[in-house]
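Enquirer: I have a structure here, written as structure tokens, and I will follow up with some questions on it.
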Amino acid sequence: MPTSPDDIKMPLTAHLEELRWRLIKALLGIGAAFLLSYQFADVLFAFLTQPLYAAKLLQTADAGHGVNLIGTGVVEAFFTKLKVALIAGIFLSSPVSFYQLWRFVAPGLYPHEKRYALPFVFFASFFFLAGAAFCYALVLPVGYRFFLDQYATIGVRPELRISEYLSFTARMLLAFGVTFELPVITFFLARAGAVTHRTMLGYWRYAVVGIFIAAAVLTPGPDVASQLLMATPLLVLYGASIGVAYVFGRAPTTAPERAHESATA
């Protein structure tokens, strides 16, 4: 990405100081969302356990053993509510976090590029939440059904600790949220000139193979349906990213044009 005059004037220490303040403000946003979410921790906990209990009902209908969530410590229920509130706080405050990220990179952009602030915050938040929603609605029920079936095959009734269940669920939700940021990441790389739509079209075969390998590794079950469940949205996102690179990619410029851009930045 071409550097603007503001970026040239800022030394490394200034960049680090700016990063520190952006991180502090993002954490303050998460903290405020955490305090708000804690007031509804019971409702949020029921919401997060719904995919597991939906899988339990299906397994019980198939003459399985079912599953129970258990607590094994005196303070585990309290820390569970804190963890639930933190998970909700991260997602609830995502627009603030993405705005702070934008403010950190904005000094390195040209004035005409800084107008993308609101679209960036909106689409980054949208894809982050959409990834988590996709995971919650489709991936987690399939995954928990598979895991519970493994207990049934060995004749063991699963008793799952709530802390372990929430940790696994949070990792999955965050992983899908980050994965769905592919079009937004492509936007930055395209604006920086690091990738073009032609580059992504040229590597589409490798991308498809890589996506299906990742789906086979990350999906909980060996069946093709669960792998397609993860691979399909990734393929769609890759296609959308090609469109993003085509629309927002930086066109090649001549030396006089680059000099004019630097003079007007």
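Only the coordinates and a few stated rules stand behind these numbers; no lab work does. As the structure is a computational prediction, the values presented were derived from the model and not from experiment. Cβ sites come from the backbone with ideal geometry, for glycine too, and all protein chains shown count toward neighbours.
Enquirer: Could you tally the net charge around Gly89, taking each other residue with its Cβ under 14 Å from the Cβ of Gly89, Lys/Arg +1 and Asp/Glu -1?
Expert: Residues near Gly89 contribute +2 overall.
Enquirer: I need the calculated FRET efficiency for the pair Leu82 and Arg205, taking r as the beta carbon distance and R₀ as 51 Å, to the nearest 0.05.
Expert: The value I calculate is 0.65.
Enquirer: Here's something else I'd like to know. If I model a spin label at Val217 and Lys25 as a point 7 Å from the Cα along the Cα→Cβ vector, what separation in nanometres do I get?
Expert: 3.6 nm
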